[in-house]
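Read-outs: derived from the displayed coordinates by stated rules, not from any lab. Just so it is clear, the structure is predicted and the values come from calculations on it, not from any experiment. Here Cβ is always computed from backbone atoms with ideal geometry, including for glycine, and neighbour counts include all displayed protein chains.
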Amino acid sequence: MPFGVMRLPLLYRECTTCGAARIAPTFHATWIDGIDTTNQDATTAHWMEDPAYVADKQRSVTVHCERADIDRFRSGRGSVLDVSCGAGVGLEVLRDRFGFADCRGVECDPTAVRIARERRGLDVVRGLLHTAPLPEAHFDLAVLDNTLEHHADPRQAIRLVRRALRRGGAVLIVVPNFHGRTVELLGIDYWNLNWGHWHYFTAQSLARLLNDAAFALERVACTGVERITVERLGEAAQVDAHIELDGVAAMALPPGEQRLRGDYLSAVAVAV
């Protein structure tokens, strides 16, 4: 059966030690890496250029970068790496709004790469993080906006990002929250209509992942609740949806703690 039409119920096993969740049964990394993401119909507009998607992506990148005060990590003209950058919407924001001059992206979808290059004039290489030729100890900032959950091996991904960052540079990560209100209400399949999320994270597991890769975690925050959840739960959906913890507090959370209930987690960590 073609990958795009799989609609089996999804199961995830949550680690009782770190809180991370992995799809079960586990798929081999080479199978995930080999999935063809090409837009087959060249006459059809790419979904990454849909105005609603573009506006949401621009808003997300802007909000998270402002909260992280990313300008403090800039050295010189500013160099930034956007991992799984899509058609370059977020990278364009980093260039035009935040003033990063050296903007590079990695993306596996060839149509998205072409759009990023031709329409936005961005330096985007086609490939995966572990196949892309990236300079070591170069970037001031790496952004993984709703990206890490799509990697077959998140630990490897974070280590590769650390290698590409200069000491004192930072990584900004945004991922769906496995302990979020929407997962609780609608189940994990709500997030997996395209079967692209191989892992899920909690505040605890994200903190430990970064710590193990030689990052000093500054903060973890949960933000936002999906509209459908607000419509069903009303004001109750907003309880515990917006909480921020510093790195020490995030690392100290026990695996079963579900204090952070927003639908997205964001983390800022510095390369040490």
Computed FRET efficiency, Cβ-Cβ of Asn211 and Glu118, R0 35 Å: what is it to the nearest 0.05? 0.30
Using the beta-carbon distance between Glu235 and Arg72 and R0 = 25 Å, what value does 1/(1 + (r/R0)^6) give for FRET efficiency, to the nearest 0.05? 0.10
How far apart, in nm, are the 7 Å Cα→Cβ label points at Glu49 and His130? 3.3
Mean separation of Cα contacts under 8 Å (6+ apart) over length of segment 68-189, as relative contact order %: 25
Per-residue Cβ contact counts at 10 Å, fewest first, order Cys85, Cys103 as Cys103, Cys85
Which ³J(HN,Hα) values in Hz, rounded to whole numbers, follow from the phi angles of segment 112-124 under the Karplus curve 6.51 cos²θ - 1.76 cosθ + 1.60, where θ = phi - 60° and Gly and Pro get x? 4, 4, 4, 4, 4, 6, 7, 8, 10, x, 9, 8, 10
Would you mind giving the three semi-axes, in whole Å and largest first, of the ellipsoid equivalent to segment 194-246 according to its Cα gyration tensor? 27, 17, 7
Neighbourhood net charge (12 Å Cβ-Cβ; Lys/Arg +1, Asp/Glu -1) for Ala203: 0
proj_area_mean for segment 176-267 (convex hull on C-alpha atoms), units nm², value 5.9
For segment 58-129, what is the Kirkwood hydrodynamic radius in Å, using each pair of distinct C-alpha atoms? 12.2
Extension reserve of the His242-Thr62 stretch, reckoned as 0.36 nm per residue once the Cα distance is removed: 63.1 nm
When the chain is fully extended, how far beyond the present Cα-Cα distance does Asp102 get from Ala137, taking 0.36 nm per residue of separation? 11.2 nm
